[in-house]
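Peer 1: After the structure tokens below, expect a handful of questions from me.
The values are calculated or read from the model by the stated rules, or taken from the named source; none is laboratory data. This one's a predicted model, so the numbers in the text were calculated from it and none came from an experiment. Cβ sites come from the backbone with ideal geometry, for glycine too, and all protein chains shown count toward neighbours.
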Amino acid sequence: MRQTTQGCSTNSTIKDVQNSCDERGIAIQKVGVSDVHLPFLIKTKSGSFQSVLAKIKLTVDLPQEFKGTHMSRFIEILSDWSQKPVSCREIGYMLTDTIDRLQAQRAHIDINFKYFIEKMAPVSGLKSMLDYDCVFSANLVRGEHLDFMFGITVPFTSLCPCSKEISLYGAHNQRGIMRVKIKQHPGKFIWIEDLAEMMEEQGSCQVYPLLKRGDEKYVTEKAYENPKFVEDVLRDLVLTLRKIDGVQWFEIECENYESIHNHSAYAAHNECVES
Ligand SMILES: Nc1nc2c(ncn2[C@@H]2O[C@H](COP(=O)(O)OP(=O)(O)OP(=O)(O)O)[C@@H](O)[C@H]2O)c(=O)[nH]1
């Protein structure tokens, strides 16, 4: 039977509607809070922490007999972790705590955040910060191992091989994004910085926040010498991800925001990797 918290004298005199019975016989798979914004600390490869604005969804299952979950407890749990370093291990603790405090069988979390990595312009060497959309997603079933997935979206430049081949001069080129979600075997780990760098190598050229004219000439010519369809980017990314130590599963989406169309070229792929 689910317990109620009796700590607060105000609460003890107020009816606990959430804990009352529901007669409809429907167990809910996920209930909780979404769109919670909190400052979190993410470990960086250099050994420090980056403060990020996290957008969080935290849910549990709810047995059919209860009318409601205890929403305030989700915020209590997340507030405990705000401003503390968060990675796979801490997310495991967070979900264990959630299962215990909500007397649930399973808990799920999505933490979306923008992560900044310093980029160096290819010729001038000038440094600037590029933002990457990242997500930590995890699922925990009571008594089982944590199921953890990391996702990142990386922008790139692509230049069309067909356009280059058939045109007297020029070739259409555009910005695209590659979105990767990756699961690794327990104990294996890849830094956001390392995965981003591997992914950026797979486009026709990388994108940079800050470029001077010499840099611009370089990236224009590099893309021209390295034409790729959206399929080429995706296939090269598959080969790269297969080589990462301990990868169990991955999913890729590539999207080129075509400059000659008002639509995108799109490719997707997922696979389980043999260990
Ligand atoms: N379950 C549920 N609660 C909601 C919802 N919308 C708002 N709440 C509010 O969430 C608040 C906190 O609920 P609880 O966590 O049960 O609060 P509490 O009983 O003071 O805290 P505990 O003693 O820890 O259970 C209440 O004021 C609810 O009305 C909803 O859609 N579902």
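Peer 1: Take V123 and decide whether it is surrounded by 20 or more Cβ atoms within 10 Å (Cβ to Cβ) and over 30 Å from M71 (Cβ atoms).
Peer 2: Values: surrounded by 20 or more Cβ atoms within 10 Å (Cβ to Cβ): no; over 30 Å from M71 (Cβ atoms): yes.
Here the answer is no, as V123 does not meet what is asked.
Matching residues to (1) assigned to a helix (DSSP H, G or I); (2) among the aromatic types (F, W, Y); (3) without any contact (Cβ under 8 Å) to a residue 24 or more places away in the chain:
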| residue | (1), (2), (3) |
| --- | --- |
| G203 | no, no, no |
| P227 | no, no, no |
| E231 | yes, no, no |
| L234 | yes, no, no |
| F250 | no, yes, no |
| N262 | no, no, yes |
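Peer 1: Can I ask one more? For residues in the stretch 176-213 being within 15 Å of D133 (Cα to Cα) and among the small types (G, A, S), which is surrounded by the most Cβ atoms within 10 Å (Cβ to Cβ)?
Peer 2: Among those that are within 15 Å of D133 (Cα to Cα) and among the small types (G, A, S), it is G176.
Peer 1: Another one. Condition first: within 16 Å of the ligand (Cβ to nearest atom) and loosely packed, with under 13 Cβ neighbours inside 10 Å. Now tell me which residues in the stretch 77-86 satisfy that. Working first, answer last.
Peer 2: At the first step, the residues of the stretch 77-86 found to be within 16 Å of the ligand (Cβ to nearest atom) are 77-80.
Once the filter is applied, which keeps residues that are within 16 Å of the ligand (Cβ to nearest atom) and loosely packed, with under 13 Cβ neighbours inside 10 Å, the stretch 77-86 yields S79, D80.
Peer 1: Right, here's the next one. Among the residues of the stretch 1-35, which ones are at pLDDT 85 or above, in contact with a helix residue (DSSP H, G or I) (Cβ under 6 Å, 6 or more places away or on another chain) and among the β-branched types (V, I, T)?
Peer 2: V33
Peer 1: Let me ask something else. Restricting the stretch 95-127 to residues that are among the hydrophobic types (A, V, I, L, M, F, W, C) and over 23 Å from the mean Cα position of the chain (by Cα), which is nearest to E197 (Cα to Cα)? Let's see the steps before the verdict.
Peer 2: Going through the stretch 95-127, the residues among the hydrophobic types (A, V, I, L, M, F, W, C) turn out to be 95, 99, 102, 104, 107, 109, 111, 113, 116-117, 120-121, 123, 126.
Then drop every residue that is not over 23 Å from the mean Cα position of the chain (by Cα), which leaves 102, 104, 120-121, 123, 126.
Numbers: L102: 40, A104: 39, M120: 12, A121: 14, V123: 18, L126: 17 Å.
Here the answer is M120.
Peer 1: Among (1) outside any strand (DSSP E or B); (2) under 26 Å from D215 (Cβ atoms); (3) touching a helix residue (DSSP H, G or I) at 6+ places or on another chain (Cβ under 6 Å), where does T157 come up short?
Peer 2: Condition not satisfied by T157: (1).
One line per residue, one yes/no per condition, for (1) part of a loop (DSSP other than H, G, I, E, B); (2) under 19 Å from the mean Cα position of the chain (by Cα):
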| position | (1), (2) |
| --- | --- |
| G176 | no, yes |
| I182 | no, yes |
| P186 | yes, yes |
| F189 | yes, yes |
| L195 | no, yes |
| L210 | yes, no |
| D215 | no, no |
| V219 | no, no |
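Peer 1: Also: I want to confirm something. Restricting to the stretch 52-72 and keeping residues that are surrounded by 20 or more Cβ atoms within 10 Å (Cβ to Cβ) and within 29 Å of Y115 (Cβ to Cβ), which single residue is farthest from the ligand (Cβ to nearest atom)?
Peer 2: A54
Peer 1: Now, a different point. Could you list, in sequence order, the residues of the stretch 28-50 that are touching a residue at least 24 places away in the same chain (Cβ under 8 Å) and farther than 27 Å from A104 by Cβ?
Peer 2: Within the stretch 28-50, K43, T44, K45, F49, Q50 meet the criteria.
Peer 1: If you scan the stretch 127-144, which residues turn out to be over 25 Å from D100 (Cβ atoms), exposed (fewer than 14 other Cβ atoms within 10 Å of the Cβ) and either free of Cβ contacts under 8 Å to residues at least 40 places away in the same chain or aliphatic (A, V, I, L, M) (or both)? It would help to see each step written out before you state the result.
Peer 2: Here is the first cut: in the stretch 127-144, the residues over 25 Å from D100 (Cβ atoms) are 127-134.
Filter again for exposed (fewer than 14 other Cβ atoms within 10 Å of the Cβ), leaving 127-129, 131.
Residues satisfying the conditions are M129, D131.
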